[in-house]
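The block underneath contains the structure these notes are about, expressed in structure tokens.
The values are calculated or read from the model by the stated rules, or taken from the named source; none is laboratory data. The shown structure was predicted, so the numbers you read here are calculated from the model rather than taken from an experiment. Neighbour counts run over all protein chains shown; Cβ positions are idealised from the backbone, glycine included.
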Amino acid sequence: MFRLRLVPVKTDFKLIRHRVRLLAASVLFGALSAVLFFTPGLNYGIDFKGGIVMEVRANAAEADLGAMRNTLAGLNLGDVALQNFGSPRDVLIRIEAQTGAEDAQQKAAERVRETLGKDYEYRRVEYVGAQVSEELIKGGILAVIFACAAMMVYVWFRFEWQFAIGSIAALAHDVLLTVGVLTLTRTEFNLPIVAAILTIIGYSMNDTVVVYDRVRENLRKFRKMPLGDLLDLSVNETLSRTTMTAATTVLALIPLWLFGGEAIEGFAFTMIWGIFVGTYSSIFIAAPFLIYLNLDKKREQWAREAEQAASTKPAQP
């Protein structure tokens, strides 16, 4: 039977010998992403910079988002985002905050009502102020930090502290490069993007744990093998599984990115990019990073514990 394999089952790539170049490239791109974060900065959406939220329902069988978007674009209200929710008749309209006090926001909402006319029922109008936006920004940052911290503690308890440090280095790489590409492409940064970043953290950690589990298994099995060769062996043994998981996930995300519409486009794009960087970091950062964390000493301790256990084990009759 023919089986599709992106990578052969048995490979012998010598990845650890290139660790200095790979880690240096990751540090460079991470630094560039940090610079982009401050200049020019993320393209914050209405969720984070405030604005007007209107919930409307079309009197017709289905709302024409394209026609509505073209109509509202002529009002020169800045960024206007539309998306269906609940049913094809229900539309959520988000408009960036207008210059001026609350009166300016009310006038903008009134202009939208006048422009769309009586073909729509206006069910809710809210203004997202600067204070709410600031709280959302803090909440999003804290969510990412707590997720990374929780993952590090999990790996620490499941493996050893060396693995926890390697995993958090990989996660920091994934978050930084994701923020960098979002800034570079001027993708609107909103709450769904925060959800995508948290999902990327979980996905990347899952890949890293798979690699680390094989590393720990081989550390106990090959006690005399040089650490660099052992890490190469572990990565090669999990490479087929890692690449196939990434490929199948991306195949599911590409249609969402291309045909999912404006509401989900940013989320799908962020996830696709995150799958690539998460897979890369699990292979080229998380594993090579262990070289610098004195893992050989831990292997010696495991070997002594195994010998002591063997010596104290009662003989079989």
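For Arg113, the conditions (1) within 35 Å of the chain's Cα centre (by Cα); (2) assigned to a helix (DSSP H, G or I) all hold with the exception of (1).
Is there a residue in region 120-128 that is among the acidic types (Asp, Glu), at pLDDT 80 or above and either outside the structural domain of Val194 (by TED's automatic domain parsing) or touching a strand residue (DSSP E or B) at 6+ places or on another chain (Cβ under 9 Å) (or both)?
For region 120-128, residues among the acidic types (Asp, Glu), at pLDDT 80 or above and either outside the structural domain of Val194 (by TED's automatic domain parsing) or touching a strand residue (DSSP E or B) at 6+ places or on another chain (Cβ under 9 Å) (or both): present.
Checked against the criteria, Leu176 does not count as part of a helix (DSSP H, G or I), in contact with a Lys or Arg (Cβ under 7 Å, 6 or more places away or on another chain), buried (at least 20 other Cβ atoms within 10 Å of the Cβ) and in contact (Cβ under 8 Å) with a residue 60 or more places away in the chain.
Just to be sure I understand, how many residues within region 224-245 are more than 15 Å from Tyr280 (Cβ to Cβ), within 28 Å of the chain's Cα centre (by Cα) and surrounded by 15 or more Cβ atoms within 10 Å (Cβ to Cβ)?
8
Against the criterion of being at pLDDT 80 or above, surrounded by fewer than 13 Cβ atoms within 10 Å (Cβ to Cβ) and in the same structural domain as Thr238 (by TED's automatic domain parsing), Ala73 does not qualify. Of the residues contained in region 247-264, none is found to be in the same structural domain as Gly30 (by TED's automatic domain parsing), in a helix (DSSP H, G or I), touching a Ser or Thr at 6+ places or on another chain (Cβ under 8 Å) and touching a residue at least 12 places away in the same chain (Cβ under 8 Å). Within region 47-67, restricting attention to residues that are in a helix (DSSP H, G or I), under 29 Å from the mean Cα position of the chain (by Cα) and not charged (D, E, K, R), which residue is surrounded by the most Cβ atoms within 10 Å (Cβ to Cβ)? Restricting to residues being in a helix (DSSP H, G or I), under 29 Å from the mean Cα position of the chain (by Cα) and not charged (D, E, K, R), the top hit is Phe48. Scoring Ala63 on the criteria (1) farther than 30 Å from Glu110 by Cβ; (2) at pLDDT 80 or above leaves a single failure, condition (1).
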